[in-house]
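> Attaching a single structure in structure tokens format; questions to follow.
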Amino acid sequence: MKRWNGWGNVTTDYPVPTSARAYLANLFGALDPQPDAAYETVLKSVPGSCLPAHPLLDTSADARLTHARGQSLPDWVALRSGRIGAFPDGVAYPQTEGDVLALIKYAQKAGAKVIPYGGGTSVAGHINPAKSELPVLTLSLERMTRLLDLDEFGCTAVFEAGVTGPELEQSLAKHGYTLGHFPQSHEYSTLGGWIATRSSGQQSYKYGRIEQLFAGGRMETPRGLIDLPHFPASAAGPDIKEMVLGSEGRMGVITQAKVKIRDVPEAEEFYGVFFPSWEQGAEAVRQIAQEEAPVSMLRLSNPQETETTLILSGKLWIGAADKGLRLIGYDRRRCLLVFGVTGTAAHVRRTRAQASSICHRHGGLFVGTVVGHTWEKSRFYAPYLRNTLWELGVAIDTLETAIPWPKVMEASQAIPASIVTAMGIHDKKVLAFAHLSHVYRDGASIYTTFLFRRPADPDELLACWQAMKQSASLTIQRHGGTITHQHGVGTDHAPYLPAEKGALGMEALRAVCKSFDPDGMMNPGKLC
Ligand SMILES: Cc1cc2nc3c(=O)[nH]c(=O)nc-3n(C[C@H](O)[C@H](O)[C@H](O)COP(=O)(O)OP(=O)(O)OC[C@H]3O[C@@H](n4cnc5c(N)ncnc54)[C@H](O)[C@@H]3O)c2cc1C
């Protein structure tokens, strides 16, 4: 069963080792977590529904509470404090494209707003109903998960859009294929959600972002069906697929998608490399990307993230290895790179040699597969740490951007620093660190994590978060970065979008939404 006010299923926990608890207490002082609102109490706060009955509609308080919020930090504060604000009036579970069409018509007749809902893993406020006099219908795709077609000759597959990461990969694996799209939220996020938010998987270096994997599909809009045919390439004017990518439920409901698939790889390895400094590590990954070494993923942690990762892991062998590293001169400025190679066994051997030789030129110490395997084992498990930290009294959040290379080094320091400064104004301590999560020939994505002792008062917590988020977002923009590399816009990034798109660009975006949804019934208040 899914947790109603946190990440993941209720049976999985991420215990924090005693050494890590001591580290956090040392940083933030004695932690004094206040209890969360009880499920039964919050359930009682769900008001009556304003929607007329429909056979596919569930208006129970449980359905409405568990679809009211996503996974952003403000969402967690709302859920854990029991101050949800607004609930959908009902949750509908279509099973076919015909059901989706019928539900859109039903919502039109009822004067309701519609929020398409995939896995609810949004971290930018995408699926939260706005406070409104009008009824809100959340349309969950969780019963639309089928593999509709597998074209082995043409290397594509068609799925219903509500399929989650594990369901999709299991269906393909039976036939020897993979999509290779692995966001950290893989366990719950869905194909439709990935497309609607322009998601990026951990191995997008090899497989491509969802933009490269999405080959066509179908979207039901208030004005009718948009059918996106698949062409390997086309010069027929602007591509309508590009409008659906990142549409965030504002134009319609993606019901099915054709994706490009690949053979399940023969071999895959993840390796660790330590660098004496951030500058040397960043130079190495830039060269790996620019020499086009065919790795499948690169993740370079800055010194603070390296230190925190080693401590939070609590593994004894890591402590011993760390001491060894210090002895040979990899001091507090050391940085950990994890890189992956995926393909045939020969490809893995060749690429490991190529990438580790570039790393060696920049002072990198290749440490084999142990660190890489530790990362691999925890790649979808790490989000469970959020639950444990919260219960200890520590809040955690992340933000991300992509920036051209000339500004990457400066921005990678300025973004965490801006978070620390913003919290300083509140006279509070924060631990902020970053890693380069996706690397390109022309730039890199900087992924920043910040942890702080959570104040007992939810308003104070939100004010702290708001100050840090705003400070980091403005710093990102000052350094020429996009407001989001992979999480999408939602409500949290919407205030920063006009600076990126320009007034004319925003006008064009709104016009496109309007042409599919003239009455503004689809997911209002998000994106633009
Ligand atoms: C712990 C954690 C780790 C994460 N890691 C990553 C990561 O590595 N990479 C990454 O890209 N993102 C990541 N995310 C963010 C999130 O998982 C992505 O944005 C994901 O694509 C959302 O998919 P979803 O199915 O959960 O969509 P939802 O959260 O349900 O919806 C997101 C948006 O998409 C719209 N939408 C959903 N389905 C449809 C549909 N069928 N038709 C039309 N619109 C639709 C919704 O209306 C909403 O606007 C992470 C989130 C968490 C909580």
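> Out of all the residues in region 347-367, is one or more without any contact (Cβ under 8 Å) to a residue 60 or more places away in the chain and either open to solvent by less than 10 Å² (accessible area, probe 1.4 Å) or under 17 Å from Thr309 (Cβ atoms) (or both)? Full working, then the answer.
Step one: of region 347-367, the residues without any contact (Cβ under 8 Å) to a residue 60 or more places away in the chain are 349-351, 353, 357, 360.
So of that shortlist, the ones also either open to solvent by less than 10 Å² (accessible area, probe 1.4 Å) or under 17 Å from Thr309 (Cβ atoms) (or both) come out as 351.
Within region 347-367, one or more residues are without any contact (Cβ under 8 Å) to a residue 60 or more places away in the chain and either open to solvent by less than 10 Å² (accessible area, probe 1.4 Å) or under 17 Å from Thr309 (Cβ atoms) (or both).
> Also, quick follow-up: Do we have any residue at all in region 193-204 that's more than 23 Å from Asp99 (Cα to Cα) and more than 8 Å from the ligand (Cβ to nearest atom)?
Yes, region 193-204 has at least one match.
> Restricting to region 121-138, give me the number of residues that are more than 8 Å from the ligand (Cβ to nearest atom) and either touching a Ser or Thr at 6+ places or on another chain (Cβ under 9 Å) or modelled with pLDDT of 95 or more (or both).
9
> Among all residue pairs at least 6 apart or on different chains, which show Cβ distances below 7 Å where the first residue, located in region 161-176, is among the aliphatic types (A, V, I, L, M) and the second is open to solvent by 30 Å² or more (accessible area, probe 1.4 Å) and within 16 Å of the ligand (Cβ to nearest atom)?
If the second residue must be open to solvent by 30 Å² or more (accessible area, probe 1.4 Å) and within 16 Å of the ligand (Cβ to nearest atom), the pairs left are Ala161/Gln256; Val163/Thr145.
> Tell me which residues, restricted to region 446-460, are outside any helix (DSSP H, G or I) and over 13 Å from the mean Cα position of the chain (by Cα).
Correct list: Ile446, Phe450, Leu451, Phe452, Arg453, Arg454, Pro455, Ala456, Asp457.
> Return the pairs, sorted by first residue and then second, in which the second residue is within 7 Å of the ligand (Cβ to nearest atom) and among the basic types (Lys, Arg), the first residue lies in region 249-260 and is over 21 Å from Cys155 (Cα atoms), the beta carbons are less than 9 Å apart, and the residues are 6+ apart or on different chains.
Gly249/Lys526; Arg250/Lys526
> In this structure, is Arg332 of a type in the set (D, E, K, R), open to solvent by 30 Å² or more (accessible area, probe 1.4 Å) and under 30 Å from the mean Cα position of the chain (by Cα)?
So Arg332 fits the description; yes.
> Given the conditions (1) farther than 20 Å from Thr491 by Cα; (2) in contact (Cβ under 8 Å) with a residue 24 or more places away in the chain, which single one is not true for Gly98?
(2)
> Could you tell me which of the residues Asp36, Asp13, Asp62 is part of a loop (DSSP other than H, G, I, E, B), out of contact with any strand residue (DSSP E or B) (no Cβ under 9 Å at 6 or more places or on another chain), under 23 Å from Ser189 (Cα atoms) and open to solvent by 40 Å² or more (accessible area, probe 1.4 Å)?
On inspection, the qualifying residue turns out to be Asp13.
> Quick check on Val114: is it assigned to a strand (DSSP E or B), within 13 Å of the ligand (Cβ to nearest atom) and either among the aliphatic types (A, V, I, L, M) or surrounded by fewer than 24 Cβ atoms within 10 Å (Cβ to Cβ) (or both)?
The answer is yes for Val114.
The values are calculated or read from the model by the stated rules, or taken from the named source; none is laboratory data. Keep in mind the model is a prediction, meaning the values are calculated, not measured. Note that each Cβ is placed from the backbone with ideal geometry, even for glycine, and that neighbours are counted across all protein chains shown. Accessible surface areas use protein heavy atoms only, side chains included; no ligands, DNA or RNA. Shrake-Rupley method; radii C 1.70, N 1.55, O 1.52, S 1.80 Å.
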